[in-house]
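Here's the structure we're looking at; comments come further down.
Here, each number is a calculation from the coordinates, and none is a lab measurement. Given the structure is predicted, the values throughout are model-derived calculations rather than measurements. Cβ atoms come from the backbone with ideal geometry, glycine included; neighbour counts cover every protein chain shown.
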Amino acid sequence: MVSPSRTMSVHAKARRGGLRRREAIEGFLFISPWLVGFLVLNLGPMLYSLYLSLTRYTIVRDPVFIGIQNYIDALTKDRLFLVALEKTGYYAVVTVVVGLTGSLFLALLLDQNLFATDILRTFFFLPSLTPIVASVFLWGWILHPNIGVLNYLLRQIGVSGPGWLTSPEWAMPALFIIALWGSIGGGRMVIFIAGLQGIPRELYEAAHIDGANIWARFRHVTIPLLTPTILFNVILGLISALSVFAIAHVGTRGGPVNATYFYVLHIYNKGFADSEMGYAAALAWIFFVIIVVFTGFQFWLQRHRVHYEGGLR
Amino acid sequence: MTRGISRRALLFGGAASAVLLAAAACAPPAPTATTAPAKPGEAAKPAAPIVAPAASEPVAGAPAPFRLHVRSGPEEDLWPAINPKFEQENNVKIEMIQVPHAEHVQKMQTMVAAGDLGDVIHNFTGDSIFHLFFASGIAIPLDKFVADEKFDLGVYYKFTIDLLSLDGKLGALPFKGHPSRVGIFHNIDALRAGNAKIPTNESSYDDLVAAAKSSHKMAGTDVETFGWSNPGRDMEFYIIMSRFMGKGDLFSADGKKSRLNEEKVQAGWKWIHDMHNVHKVGMSPLATNPDPSAAFLNGKLAIFRANVGTKAAYQKIEKFKWGMSVAPKGPGGQRGSLAQADAVGVTKFSKIPDIAWKYVKVMTSKESGITLGKQTGNKSATPGGRADVYESPELVGLEYPEGVQKNTATVMKEAEPTILPFNFRGPEVQRVIDPLYEALVLGREQPNKAFFDKIHTGVPEVLDKSRP
């Protein structure tokens, strides 16, 4: 004989199961626009590009399966493969480190509720709204070696300015300037401000009472509690920096002397200029693996370096 | 018993459906008669003869859809002038697929991949993309149309027809044609201010050096006016440099070998190097914004070797006097011209190729050429690929400084044939040369044997490859 309590338990379990199923269906229904978009417009083409990477595909002819030959060619024969990786890595490290530091500095400044904070926030944010192509054209004029404003100003103080975008040594720093101008005060700064405003004020007060000065409060309160935000910005910033394309495509075409020949520019050139779409797909997959490895490393790092209040991860 | 759908099962089902859908959507179009893949170093062999599809009549009643791939910008004013009449006469509804020049070819490539290219395409010869499309059967031969109606190709400049033909078959008609960068644009005021001799059609390259040196003007450490500039980096200019100081060329006649080991080919490269690094009068062609053309427009450049079509951009200059002479012939008797054409062809995707052919004829007609040349706003200075356009009273009478139109007509008759890499890998060759040329202009490389060896050994690596 089944006890009443056991019968109730079975009924309750069935009700909970039905509820969970309904919730699951509703949940999937709610996210289905994104899910379908991702599967059809992202995952599908990605998998197809994986197939293309194993073919000789020139757009104008049907793909011919060649196994991993494209990957072998990229790693052993392509003279620009390592050049592009090196330039991209250099660009990513500098723009992420300097960009994050600058964004954090501006966010800290704006978090102080000083004079005209709202106006300053708008002022800092505006460059990030400028389309990258327009930015490059604007900075092309400013950085022009002979008739540019920057070198003119430098000459006024007795400094002979460099060739900037026309100099192999200075082209990359010129791109740093253009990229950082448009990104330091942008989305990253806003995310930092949000992160800073989420830090409980009591912690600062407690630290202050304990005798901590500004630097100590920044180091022992702000930074630890901001680490999730920093991690988020680092991951997105690194992916964005590694994918750099337009700034070089428009501003330097990868030159001078390959000084700004970025990886995605290489993929674009192989795919569209050389009509080697299968090879370009292989390059893209190699790059995807590199980015996944970097991102995985950052997630591994978060276990040791990122502080989540309440232990949530 | 009630059994819930696990998230994993739902996701798996969704993913599987999506992959199937995506695979179906992304599947390449049905194979068509193109050419067989070639071994490295060999030209691709045709798998089957490429023939124009049989002409078909448009469906009576509803207008047939008709799609054109053209770029937005320079020709924008032409379409309203020709399309309404064409639609009416041929019972078609024209859809213009227009994108900016920088993405025009990529757009067509993407639509080829999707098997969705339109009826008529506007293409280019400078980057080999026309030849690639034609050789692979994307654009169909026009010979049958020409033969059927005994169409007179003689109205077009011969160099354009030669350029648009491959293996004896005609792949397109010339929408435009020009001899590339054989215009010596000069700022007369700047030259006079420097007591320099104004370039004429009789000037030599030594005269140009002297004039550039005299007109190059400094204000303290600032350059106020540059004496000389040539256009930026591209295959067109690399070929021109290989020609203008000696009877040479960048590639052998069959497009399979580099000729940069020949001294007469190297002479032009040395001349350019010297303008930038010995005479120090050259504005860097590496600056893209403002580029030398913009500098000339703003009165900052005294002499600029550029495409004769650049004159349209300068027509409204009022703050200084300017002129355009033709580039001198070098010791080898070559000006360093280069036949170029805009190709208009019919695609293999067209279901109404006879109508597409009619449109090709309209686009390349005398009337269209004159409309292009006269249009306001987005003005084209290389209108049509035919003498009756270039020499028409309407265009010859356009307001330009004395001699500009006459000189344009002169060089149009002299355009030297273009020899491109046989495997259509011009952009790849260019990427081998670009960094070396940039280093040469910057003075990081000297125009010596070691320099030319670097190019001469780098280029064959590309030329040894098969056609895409």
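Pairs of alpha-carbon atoms within less than 8 angstrom and 6+ residues apart define the contacts here; what relative contact order does chain A have, in percent? Write down the numbers at each step before the final one.
Values: 330 pairs, mean separation 82.4, N = 313.
That works out to 26 percent.
Helix B:101-113 and the longest principal axis of the Cα set of chain B meet at an angle near 30°. For chain B, calculate the relative contact order in percent as a whole number, restricting contacts to Cα pairs under 8 Å that are 6 or more residues apart. Result for chain B is 23 percent. Helix B:7-26 and the long axis of chain B differ in direction by around 70°, with both axes built from C-alpha atoms. For a Förster distance of 45 Å, can you work out the FRET efficiency between the beta-carbons of B:SER72 and B:LYS406, rounded to the nearest 0.05? In this case the efficiency is close to 0.90.
Report Rg(Cα)/(2.2 N^0.38 Å) for chain A, keeping two decimals.
The value comes to 1.33.
Each label was represented as a point 7 Å from its Cα along the Cα-to-Cβ direction; for B:GLU367 and A:THR117 these points are 6.9 nm apart.
Between A:ASN213 and A:SER160, 0.36 nm times their residue separation minus their Cα-Cα distance comes to what? Numbers along the way, then the final one.
Numbers: separation 53, 0.36 × 53 = 19.08 nm, distance 4.29 nm.
The span from A:ASN213 to A:SER160 would gain 14.8 nm if fully extended.
Shown here are the Rg and Dmax of the Cα trace of the protein assembly as shown, at 31.0, 119 Å.
For Cα pairs less than 8 Å apart in space and 6+ apart in sequence, what is the mean separation divided by the residue count of the stretch A:116-183, i.e. the relative contact order in percent? Please report the intermediate quantities before stating the final value.
Numbers: 59 pairs, mean separation 20.2, N = 68.
Taking the mean separation of contacting Cα pairs over the length of the stretch A:116-183, I get 30 percent.
Placing a pseudo-label 7 Å from each Cα along the Cα-to-Cβ vector at B:ARG444 and B:LEU153 gives an inter-label distance of 4.5 nm. Label zone of B:LEU166 (point 7 Å out along Cα→Cβ, amide N under 17 Å): in the stretch B:327-350 this covers B:340-350. Hey, any idea what Rg/Rh is for the stretch A:4-52, computing Rh the Kirkwood way over Cα pairs? Rg divided by Rh gives 1.41.
If the viscosity is 1.567 mPa s and the temperature 4 °C, what translational diffusion coefficient in µm²/s does Stokes-Einstein give for the stretch A:95-250 when Rh comes from Kirkwood over Cα pairs? It would help to have the intermediate numbers written out before the result.
Details: Rh = 17.5 Å.
Here the translational diffusion coefficient equals 74 µm²/s.
Residues considered: A:LEU47, A:LEU75, A:LEU120. Largest GNM mean-square fluctuation over chain A, using C-alpha springs under 10 Å, is found at A:LEU47.
Select from chain A the helices, each a whole stretch of DSSP H, whose alpha-carbon atoms run 20 Å or more along the helix axis and whose Kyte-Doolittle mean is at least -0.5; answer none if there are none. Intermediate values should be presented prior to the final figure.
Working: long enough: A:4-37 (49 Å, -0.24); A:79-110 (47 Å, 1.62); A:223-242 (27 Å, 2.01); A:277-305 (41 Å, 1.14).
Helices meeting the span and hydropathy rule in chain A are A:4-37, A:79-110, A:223-242, A:277-305.
Taking chain A as a Gaussian network, Cα atoms linked when under 10 Å apart, which of A:GLY158, A:GLY254, A:GLY18 shows the biggest mean-square fluctuation? Of the options given, A:GLY18 has the highest mean-square fluctuation.
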